[in-house]
Amino acid sequence: MADVGTRPELTPDRAWAIPTAFLCLLLPARAGVAVGYGNGATGVCATVALFALPLMYTVPRGRVIWERHPWWLLSAQAVLTYAPFAVWGRTWVVGLSGLLAGLVLLTVRTPLSWWLFVTIVAVEGVLRIGVFDLYPASELQYYSWVFVVPIDMALPLFGLVRLSDLVSDLHATRSELAGAVVTQERLRTSARLRAAVGDRLEIVTAHSRATIAALSHSPDRVHPHLVMAAGVARQAAEQVRLTVDEEQRAPDRPAPRRTGSTVAPRLAVLVLVVDLSVFAIHHAMIVVDAPTGPAQTVAAVGAIAAIVALQLRHSLARRGGGRPAGWRVTLPVQALLPFTDFVHATLLGLPGFPAGSALLLLRGRRAWVAFTAIGCSMATYWLLRHPEDLGGVVYLAGLSASTGLAVYGLSRLRDLAEELAVARQRLVRAAVEQERLRVSQDTHDLLGLSLSAIALKCDLAGRLAGRDNARTRAELHAVLRLAAQAQADIRAVTTGRHGLTLRTELAAARDVLATADVRVRLPPAETGVPLPSDVEAVLATVLREAVTNVLRHSKATRCDIELTARAAVTLRVTNDGADGSPRPTEQAGGGHGLTNLTARIAYHGGTLTTRAADGRFALTAHIPLPAVESDGVVGKDPLTRGDPTHRGDDAVGGTVLGDEP
C-alpha cells in the first residue's frame, strides 16, 4: 500500500530553476572532461559557450528571445556544436551535441523534432566512429558512450524544461480552461434558449403584428391571434422551467484538447524509461569491458538491473504524492548498490538514481540533505581512492547531481502531466457547473416575468378588442416591446451581461400588476441611502421574482412593496389571495426562484424569508450595507465573481416593462 505524504509544491517561479540547475551541474562535469581530454582552457571556454544558449532557454526572460528567433539561435548552437571538431577532432568532448538535440525537441514541432533529434545523435556517431578514430580507446563502452551521452543530455533537458512548462500550465489552467469551456457552454445554451424560447417569441411577435393589422380590416381574426399569442407565451414560460431543470441534469462535457507544448503522461513515461535504459545499458557495457571474472560481471550487471528496477518503482508507483510500499528499505538499498563493485568501480555514474529517488520520496529539508549526501558519495569515494584526481572528483559530483535532478524531474514530469489532465477535467466540471447554475438562475430570474407579462397583456388585449381598439393597439405594441426585451434577456442570459435597477423594476412591477388588476402600493424609488450597484441588482432581482410569484401563485387583488435602507436595506413584498393554509416564518427554500434568490442574498451576508398567514404572503429580503472599500467596489454577485464577462451592463436586460407608456 502506498504511503501518502505531503509533497512540496512546485510553483512557476521555482520550477524553471530545476532545468537551470541541471545544466549548471552538468557544465563543470563536461568542462572536466575537456580538461581530461587535453582541450585546455580554450576547450573549457568552448564548453561553457555551448551551455549559454540552453541556459538562456531555461530562464523565463531568455525564453522570450528564443521564441522570437528560434532558427537563428538553433543555427548558432549548431555552429558551436560542430566547429570544435575542426579544432580538436576526436579529442573533443563527447556528447555535447545533446544540448542541440534537446533544444530541437523544445523548439521544433513534432514529429520533425524527433527526426532531427535522431539525426543529431547519428551525426555524433558518424563523426566519432566514421570520420575520427574512437577516443580514448576502441572498447565497447566507448562505442556506447558516443550515443548515450547526447541522448542522456537531450532527454533530461527536454523533460526538465517541459516540467517547468507543466507547472506553469497547472497554475494557469483555471483561467484558460474556465474561459474556454464557459464559452462552449454559452454557445450551447444560446442555441437551446433560442430554440426553446426565442422561436416562440417570434411567433408571439408575428401574431401581435397580425392582430394590429386585423383590428382595422378583419376584426373576426383578432381573437384567434391573441389566443394563440397568449398560449405560445405561456408555452415559452413553461420551456423556461424545463430549461432550468434540464440545465441541472445535463451531462458533463469533456475537457477541450490543449494545443501547444504540453507533454502527455505516456510520453513523459517513455522519456523517463528511455533515459534510464540508455544510461543503464552504457554502464552494462562498462562492466563487460572491465577485466573481471564472470561472477563479478553477473553481480555488477545484476546491481545495475536492480538499481533501474528500484528507480522505476520509485518513479512510477507514485500517485498524487504517494510513496511505494517499503520505500524506507528500497531507498537505502538503491543508494548502496553502486558501491558493490569496489575493485573496478564500474558503477561510478549510478548514485544519481538514488539521489533522484531521495527527492521523490523524502520531504522538505531531509530530501535535499539526502540528495546532497548520495550525490556526493561516489565523488567522496573517488577522492579517497585517487586524491590526486580532482578533475575526476568534480566530474563525478556533477554527474551524480545532474543525473539525480534529471531522474527527479522526469519522474515529476509524468506525475504532473497526469495531475494536469485530472486538474483540467475537474476545472472543466467546475466551470460547467458554475455556468449552468448561472444560466438556470438568470433564465428563471430574467425571463419569467417577461413571459408572464406578455401572456397577461395578450389576455388584456383580447378583453379590450372590439370595445377599445385604441387601447388594444397600445397593449399589443407593449407586447412587441416586451417580446423584443425578452429576446434581449435571452442574450443577457447567454452572455452573462445584465444589469437591473430598482427604479426600472418598480416601474415594471406597477405596470404588470396593474395589467393583472392588482392594486399596488409602491415605495419611493430613492431610499435616501446610496445602495451599492451589486446589492441594488440583487434586490431588483428579488422584486422581479416576487412579482412573478404574485402573478403565478396567488389570486391577489392587492400588493404592497416596501423598501427601507439604513445600516441595512430591507425589501418586503406582501400580497393577499395566497393559496394554502397559514405557515410560520421559514427560510426560503423550495422552487428555483427562491433558492436562486437565497443564494444571491446569502453571498452579501443577507437573508431571505417568507411568511404565509391569513391568506397573505410576505417575502422579505434583508441585506446589510457594507462600508465601501477604497476602490469603491463593495462585492460581486456569487454568479459573476472572477468572470469579467459577467459584469453588469445597463444597456441589456434592464427591465421587461421599463419602457412602457
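Here are a few things to note about the model shown:
- Val93 touching a residue at least 60 places away in the same chain (Cβ under 8 Å) and either among the β-branched types (Val, Ile, Thr) or under 19 Å from Val149 (Cα atoms) (or both): yes
- Set Ala431, Ala470, Ala484: member being at pLDDT 85 or above and not aromatic (Phe, Trp, Tyr): Ala470
- Unique residue being in contact with an Asp or Glu (Cβ under 7 Å, 6 or more places away or on another chain), among the aliphatic types (A, V, I, L, M), surrounded by 22 or more Cβ atoms within 10 Å (Cβ to Cβ) and under 17 Å from Leu619 (Cβ atoms) when the list is Val538, Val518: Val538
- Considered as a group, the residues in region 109-142 that are assigned to a loop (DSSP other than H, G, I, E, B), within 16 Å of His282 (Cβ to Cβ) and hydrophobic (A, V, I, L, M, F, W, C) include one that is farthest from the chain's Cα centre (by Cα), and that residue is Ala137.
- Positions within region 413-422 being in contact with a Leu (Cβ under 8 Å, 6 or more places away or on another chain) and farther than 14 Å from Phe158 by Cβ, in sequence order: Leu416, Glu419, Leu420
- Where strands (runs of 3 or more DSSP E) fall wholly inside region 566-613, the ranges with 1 or more residues that are among the polar types (S, T, N, Q), at pLDDT 85 or above and under 38 Å from the mean Cα position of the chain (by Cα) are 607-613.
- Looking only at region 522-563, and only at residues there that are under 35 Å from the mean Cα position of the chain (by Cα) and among the acidic types (Asp, Glu), the one that is nearest to Ala233 (Cα to Cα): Glu545
- Within the span defined as region 52-64, one or more residues are surrounded by 19 or more Cβ atoms within 10 Å (Cβ to Cβ) and among the β-branched types (Val, Ile, Thr).
- Scan of region 283-312 for residues that are touching a residue at least 40 places away in the same chain (Cβ under 8 Å) and hydroxyl-bearing (Ser, Thr, Tyr), ordered by number: Thr292
The values are calculated or read from the model by the stated rules, or taken from the named source; none is laboratory data. Since the structure is predicted, the reported quantities are computational estimates derived from the model, not experimental observations. Note that we place each Cβ from the backbone using ideal geometry, even for glycine, and neighbour counts take in every protein chain shown.
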